[in-house]
1. Considering every residue within the stretch 40-49, establish whether at least one is without any contact (Cβ under 8 Å) to a residue 60 or more places away in the chain and closer than 22 Å to M145 by Cβ.
2. Pick from P91, P104: which is modelled with pLDDT of 95 or more and either within 19 Å of G65 (Cα to Cα) or under 17 Å from the mean Cα position of the chain (by Cα) (or both)?
3. In the stretch 124-153, how many residues are small (G, A, S) and within 17 Å of the chain's Cα centre (by Cα)?
4. Considering only the stretch 164-201, state which residues are in a helix (DSSP H, G or I) and small (G, A, S).
5. Looking only at the stretch 42-61, count every residue that is farther than 14 Å from P107 by Cβ and charged (D, E, K, R) and tell me the total.
6. Taking helices (runs of 4 or more DSSP H) that do not extend beyond the stretch 35-149, which have at least 3 residues that are more than 16 Å from the ligand (Cβ to nearest atom)?
7. Is the stretch 19-27 home to any residue that is assigned to a helix (DSSP H, G or I) and surrounded by 13 or more Cβ atoms within 10 Å (Cβ to Cβ)?
Amino acid sequence: MTPEEAWRALEEDLADYLERKGVVPSCRAGCFACCFGLVTLSRLEGLALLPHLTPLQKARLLEEGPRRLALLQEGKDDPHFPSRFFQSRTPCPLLEEGLCGVYPQRPLACRGLLTEGDPRLCAPEATPPKGHFLPVPWRMARLRMEALWEEERRRFGHALIGELASLLYLLLKGLPQDREGVEALLRELGVLGGRWGYQVL
Ligand code: SF4
């Protein structure tokens, strides 16, 4: 399975599920609170996204990547890191005037985060009730992610998962293909493992 196939399959599954259940997400164009969150990506998804990036998007990733790596190095073991990161209100560098700049190629993690609740409760300062983010779409996205990790293992001998902007930055700079090389680089950067750091599976 390719990332493009996984993205398409998830969209079809989601449309089918939402129609069957009569669920109408309140997510709309111009609503982007979830783009302040800590989003993860796999190497395969990143490689599929890379050729679609504009020079400006690449420039923003080259600027933001080192900053996020430093944040991860400092906070990857902190159980509160995602909420600290969310509340720092640093948007995804691919967010452009309130819209996703890579919408057709956005990662599974972005596609699976939906709500039918009040969108104001998605904001970093809000405290959404349990179930605000729909659990079934998220599980559907997670299953597709796991299928892609398997595919990545078949191709590279391992799967690499990490924070979206910093992983795209590392891919732009050139990542080793082999597991040992990847682990050595991530260890040197201080972002391998821990609760929120990069995972090599
Ligand atoms: S990739 Fe797009 S949808 Fe995902 S966090 Fe970035 S701007 Fe938002």
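1. yes
2. P104
3. Going through the stretch 124-153 one residue at a time, the tally reaches 2.
4. Hits for the stretch 164-201 are A165, S166, G181, A184.
5. Matching residues across the stretch 42-61 total 2.
6. Those helices (runs of 4 or more DSSP H) span 55-75, 81-87.
7. Among the residues of the stretch 19-27, not one is assigned to a helix (DSSP H, G or I) and surrounded by 13 or more Cβ atoms within 10 Å (Cβ to Cβ), which makes the answer no.
Per-residue answers, yes or no, for (1) at negative phi; (2) in contact (Cβ under 8 Å) with a residue 40 or more places away in the chain; (3) of a type in the set (S, T, N, Q); (4) exposed (fewer than 15 other Cβ atoms within 10 Å of the Cβ):
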{"residue": "C100", "(1), (2), (3), (4)": "yes, yes, no, no"}
{"residue": "P104", "(1), (2), (3), (4)": "yes, yes, no, yes"}
{"residue": "P107", "(1), (2), (3), (4)": "yes, yes, no, no"}
{"residue": "R111", "(1), (2), (3), (4)": "yes, yes, no, no"}
{"residue": "D118", "(1), (2), (3), (4)": "yes, yes, no, yes"}
{"residue": "L121", "(1), (2), (3), (4)": "yes, no, no, no"}
{"residue": "K130", "(1), (2), (3), (4)": "yes, no, no, yes"}
{"residue": "L134", "(1), (2), (3), (4)": "yes, yes, no, no"}
{"residue": "R144", "(1), (2), (3), (4)": "yes, yes, no, no"}
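The values are calculated or read from the model by the stated rules, or taken from the named source; none is laboratory data. Just so we're clear, the structure is a prediction, and the values are computed from it rather than from any experiment. Don't worry about glycine lacking a Cβ; one is built from the backbone with ideal geometry, like all the others, and counts go over all protein chains shown.
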